[in-house]
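Nothing in this text is a laboratory measurement; each read-out follows from the coordinates by a stated rule. If you're wondering where the values come from, they're calculated on a predicted model, not measured in any experiment. Note that each Cβ is placed from the backbone with ideal geometry, even for glycine, and that neighbours are counted across all protein chains shown.
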Amino acid sequence: MGLELYLDLMSQPCRAVYIFAKKNNIPFQLRTIDLLKGQHYTDDFAQVNPLRKVPALKDGDFVLAESPALRIKDSAKVPKREWLCQALQIPHLPQIPGVRASLGRAKPFSLLVHQMMFPMYLGQPVPPEMLASTMAELDRCLQMLEDKFLRDQAFLTGPHISVADLMAITELMHPVSAGCKIFESRPKLAAWHQRVEAAVGENLFQEAHAVILKAKDMPPLKDPTLKEKLKLSVQYLFR
């Protein structure tokens, strides 16, 4: 059957892996796991990843779930399957811990949760002061991203696009999808965003983000059991 990637393009790591694989012409079969429908809780997916998390990879009898154990290498020196397996560990890559620490994955994602997921999808209102605090913290993170990493460079780690840029931009599309115009008052970040999208390819970039950009139009979740599971999952991320 060949290489299978289990992804939900609502998920930032999944979008990063999807773009990485597509851009590098790594053939794969997309197996969509809809997290908001609870498909990661099914017994079938548990056979692929007992931790019930995406992204995950399957190639025949070989299965890889997200783990901090692997590291990316020079693409010219490793087979494409191994290269992609290591790309699945993007959140743990040694090249970008500073970028991730400065941006703070919880900040862009928490804005999506507080501004859109809780009130619109889960039917749980968020206090205005909590939303204001989340937006202020994200603004501080964006300033640090500009000052500490982007500076006067074309990309976060220098003149060429890297995994750091891919991770950062897919994170920042969370607040964009919630309607936050985070690039409008930041011309330096806006220009970087345009360079990253051009380097990835506009069609591929839009394809990878089509699901998350339509998230605000999703109907409220009806299943009370699934709603409670999702609430607990989201709350666990902010512990």
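One table, with the values for the structure above:
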item: Pair Asp61, Asp139: separation of 7 Å Cα→Cβ label points (nm); result: 5.7 nm
item: Residue-wise HN-Hα coupling along the stretch 50-63, computed from phi with Karplus coefficients 6.51, -1.76, 1.60 (Hz; x: Gly, Pro); result: x, 7, 6, 10, 10, x, 9, 10, 9, 9, x, 8, 8, 10
item: Ranked by how many other beta carbons lie within 10 Å on average, peptides 187-197, 159-169 from highest; result: 159-169, 187-197
